[in-house]
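Notes follow once the structure below has been shown.
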Amino acid sequence: MFSVLVTQSLRNRLLVLALACVLVLYGAFSLTRLPVDVFPDLNKPTVTIMTEAEGYAPQEVEQLVTYPIETRMNGLPGVTRLRSVSGVGLSITYVEFDWGTDIYRNRQQVAERLSLVQDQLPRGVTPVMGPISSIMGQILLVAVTSETASPMQVREVADFTIRPRLLTIPGVAQVIPIGGEVRQFRVSPNPAAMRSLEVTNAQLETALAQFGTNAGGGFTDQHSREYLIRNIGRTMSLDDLRNLVVATVANTPVHLRQVAEVSFAARVKRGDAGYMAKPSVIVSVEKQPDVDTVRLTRSIETALKELNPNLPGGIKADQVLFRQADFIETSIRNVERVLVEAVLVVAVVLFAFLLNVRTTAISLFAIPVSVLTT
């Protein structure tokens, strides 16, 4: 059989060379598109359920939020383990499925159970599923800094400019800004003014709950045409909030500015971030499973370069603190160097044993060709 293959190959040299060239080109093309990663997905398919319960202590979070969710998740097909963490105003439940299960089907099953547990949770507490990510999914940490903008402005740029842009990149699972100051309206009531103007806490709370909302009134028909009726109330202006009517005393409206101090203030922090001993916002980027880390990182860096010239207030997002692709690229360079050294060693050994330059060159050429064709 071997002699027949050799004989036919020698008789059809051009065909054999053409097929070899095609296989080499196909192997080289496949090699350029082959995803390379040194951090595999080490965890089983896992669905993360996050639930915010502001104002609750860890004991109440465990009893009122975590326990009902865990009870509903028990018995799902393919579930191998349930884990949970109950903290101050936050519950995180990890539903771990068996190897080989479809993560999208798992999330559908979890979503069906969450719809059933909603009635058992406290009012205003809604569980949500986290993004599809892995334990090695954090691929990039970028510092957003500015010499002139305030921490509140930097955080707003990270939340409403950088984060939406990065989430549009295919393969990005989640973008998490860390640090800075989250802008909020702060209303500080004046008890003495409230007593003198006969304004109660309930009136103040009701007026604030109704502030900044749009309402629809249907439509009216005039001259054979329909006109929409809208009540436009959504606003972010402090003056509009100060002029909010909270009560009417003796047919005279009482405005919020008369009974309280209104201003912008930062949300209470439970952590912070910094860069080079200065306050900043750190943007953490996580990838989806089975995504080429190097290619995705380059797409993210391209998007950041496009964003930087258009960021306001001298804000920059070009300081990379952690780049997982560096480890992968370093590993690839090490492998390439080892291959080059191995080729030189093999060439020396072959020539020392064969003492023939032509035979040595043919052997060296056959080794990479056989690798590419396989």
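The values are calculated or read from the model by the stated rules, or taken from the named source; none is laboratory data. Treat the numbers as computed from the prediction; the structure is a model and nothing was measured. Virtual Cβ from ideal backbone geometry, glycine too; neighbours counted across all protein chains shown. Keep in mind that these areas ignore ligands, DNA and RNA; they rest on the heavy atoms of the full protein, side chains included. Shrake-Rupley method; radii C 1.70, N 1.55, O 1.52, S 1.80 Å.
In region 122-134, what residues are touching a strand residue (DSSP E or B) at 6+ places or on another chain (Cβ under 7 Å) and either at pLDDT below 90 or hydrophobic (A, V, I, L, M, F, W, C) (or both)?
Answer for region 122-134, where residues must be touching a strand residue (DSSP E or B) at 6+ places or on another chain (Cβ under 7 Å) and either at pLDDT below 90 or hydrophobic (A, V, I, L, M, F, W, C) (or both): VAL125, VAL128, MET129, GLY130, PRO131, ILE132, SER133.
Are any residues in region 253-268 open to solvent by 40 Å² or more (accessible area, probe 1.4 Å) and of a type in the set (A, V, I, L, M), and if so, which ones?
Answer for region 253-268, where residues must be open to solvent by 40 Å² or more (accessible area, probe 1.4 Å) and of a type in the set (A, V, I, L, M): just VAL268.
Quick one: how many residues across region 92-107 are open to solvent by 30 Å² or more (accessible area, probe 1.4 Å), in contact with a Ser or Thr (Cβ under 7 Å, 6 or more places away or on another chain) and not in a loop (DSSP other than H, G, I, E, B)?
2
Please find, within region 108-148, the residue that is least open to solvent (accessible area, probe 1.4 Å) out of those that are under 28 Å from GLU60 (Cβ atoms) and touching a Pro at 6+ places or on another chain (Cβ under 9 Å).
Filtering region 108-148 down to residues under 28 Å from GLU60 (Cβ atoms) leaves 109-131.
Add one more test, that the residue is touching a Pro at 6+ places or on another chain (Cβ under 9 Å), and what stays is 109, 114, 117-118, 120-121.
Values: GLN109: 23, LEU114: 17, VAL117: 0, GLN118: 64, GLN120: 95, LEU121: 17 Å².
The selected residue is VAL117.
For residues that are open to solvent by 80 Å² or more (accessible area, probe 1.4 Å) and closer than 9 Å to ASN214 by Cα, tally how many sit in region 225-243.
Residues meeting the conditions: 4.
Among the residues that make up region 273-290, is at least one of them of a type in the set (Lys, Arg) and surrounded by 14 or more Cβ atoms within 10 Å (Cβ to Cβ)?
yes
Here are some conditions: (1) at pLDDT below 90; (2) within 30 Å of GLU205 (Cβ to Cβ). GLY137 meets all but one. Which one does it not meet?
It is condition (2) that GLY137 fails.
Being at pLDDT 85 or above, over 32 Å from the mean Cα position of the chain (by Cα) and part of a loop (DSSP other than H, G, I, E, B) is true for just one of GLU261, GLU226, GLU205, GLU198. Which residue is that?
Just a single option satisfies the conditions, and that option is GLU198.
Look at ARG165 and say whether it is out of contact with any strand residue (DSSP E or B) (no Cβ under 8 Å at 6 or more places or on another chain) and surrounded by 14 or more Cβ atoms within 10 Å (Cβ to Cβ). Let's see the steps before the verdict.
Working: out of contact with any strand residue (DSSP E or B) (no Cβ under 8 Å at 6 or more places or on another chain): yes; surrounded by 14 or more Cβ atoms within 10 Å (Cβ to Cβ): yes.
So ARG165 fits the description; yes.
Can we say GLU60 is of a type in the set (D, E, K, R), outside any helix (DSSP H, G or I) and open to solvent by 50 Å² or more (accessible area, probe 1.4 Å)?
No; evaluated as a whole, the condition is false for this residue.
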